[in-house]
């Protein structure tokens with residue numbers, strides 16, 4: 001790990017090009033769909049198309065991520081996503097593209113992301129020292145945040161001056177740069193056991209890795225519940241700007257830029273140095289802050305667009321800190337040999353309930369109302385954030401020694417049952433970001449809600 005900074009510098013340069021181009025394309029599609037249809041249901045369907053494949057494939061994909069060469073997996077996944085985007089660009093050039101073509105593209109990108117995202121996350125602990133994982137997560141958040149700032153502005157400008165087919169080519173170019181950068185680095189693979197590959201056994205090992213760490217199942221459960229209420233609200237932000245505040249395409253992009261600026265600040269804070277702070281406290285507190293911001297946003301009058309922008313910035317800061325803290329806690333507490341499976345399970349079980357929640361987006365927007373939905377979701381998220389403070393095993397997650405847990409995390413690699421730090425057989429514990437990516441952003445990266453349709 002002596003040259004870990006140089007290795008990450010090469011990887012980050014490629015990822016910045018890839019994530020930025022994906023962000024520009026994603027926002028351009030969001031704006032195009034919002035302007036062309038003005039329908040919450042269309043945006044919700046796009047978000048579901050971008051999440052459902054990844055959530056369904058996640059449990060199985062994680063097994064292969066831990067089994068295959070992770071660098072090669074990331075290159076192939078990025079190449080597949082670029083190829084699918086190129087096909088859609090051709091359809092737009094010939095003026096035959098339909099809305100369902102976009103849904104299929106998002107689904108294909110989701111399949112690629114099902115392999116790429118956990119591969120990248122599981123590779124980080126193999127490249128960086130454990131003490132630097134929070135800083136690495138912070139820098140990753142900075143890259144995502146820069147994309148959230150530049151993406152909306154460029155997306156809004158480009159969609160006014162050129163066709164969507166030409167804009168899609170940016171995503172293809174970004175993927176080529178990312179794949180090329182990976183060719184110049186060596187990403188080690190974890191030590192694997194001597195047992196023969198077995199899909200069902202390796203799948204169960206992923207679950208065992210989560211339940212073997214006291215409090216981890218609770219943390220996953222609460223975070224997934226938060227995502228369930230964040231997703232529908234995240235999809236409604238463009239409509240909130242257009243319909244409630246009477247904004248324009250420029251205003252939509254401004255909100256995205258402001259949120260991205262906040263997330264950039266949050267990522268910069270976490271990436272600047274190593275802090276002696278309980279990251280679980282940060283996770284719970286950021287959930288609470290996002291919930292309060294959602295609630296206040298729903299109470300604003302149509303003339304309070306400036307306050308809406310300020311609250312969006314606060315949400316961005318909270319989301320940036322949450323993402324860096326959550327990923328670092330998981331990477332620190334879970335053994336690298338099963339981390340691919342664990343991250344795939346998290347994305348799978350986090351996205352599936354969110355996709356279900358998105359099915360009600362059209363009903364919420366038209367029957368309940370945009371502002372009321374913001375208030376209800378915000379209050380529930382606040383409650384979940386406060387609840388986590390009341391669970392001792394969750395609060396101790398960032399205090400426990402990883403060295404003792406490494407024995408527990410040797411899940412079946414030598415054919416033996418996982419052992420607790422006291423030598424007894426580990427027993428499964430019953431499980432007790434934020435508006436990070438929006439539903440489409442996850443197709444290329446990891447939270448504001450970890451996704452809006454296509455590109456968040």
(request) Based on other C-beta atoms within 10 Å, arrange 67, 135, 109 from fewest to most. (result) 67, 135, 109
(request) Only Cα pairs under 8 Å and at least 6 apart count here; give the relative contact order of the range 281-333 as a rounded whole percent. (result) 51
(message) Show me the ranking of peptides 4-16, 308-320 by mean Cβ neighbours inside 10 Å, starting with the highest.
(response) 308-320, 4-16
(message) Quick check on packing: order 322-328, 375-381 by the mean number of other C-beta atoms within 10 Å, highest mean leading.
(response) 322-328, 375-381
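Using a/c under 1.5 as the rounded threshold, could you call the range 74-113 rounded, prolate or oblate? The axes a ≥ b ≥ c are square roots of the C-alpha gyration tensor eigenvalues, and prolate needs a/b larger than b/c, oblate otherwise. List each step's numbers first, then the result.
Working: a/c = 5.59, a/b = 1.79, b/c = 3.13.
In terms of gyration-tensor shape, oblate.
All of the numbers you see were taken from the coordinates with simple rules; none came from a lab. In this text, all values refer to a predicted model and were calculated from it rather than measured experimentally. For neighbour counting, all protein chains shown are included, and Cβ atoms are generated from backbone atoms with ideal geometry for every residue, glycine included.
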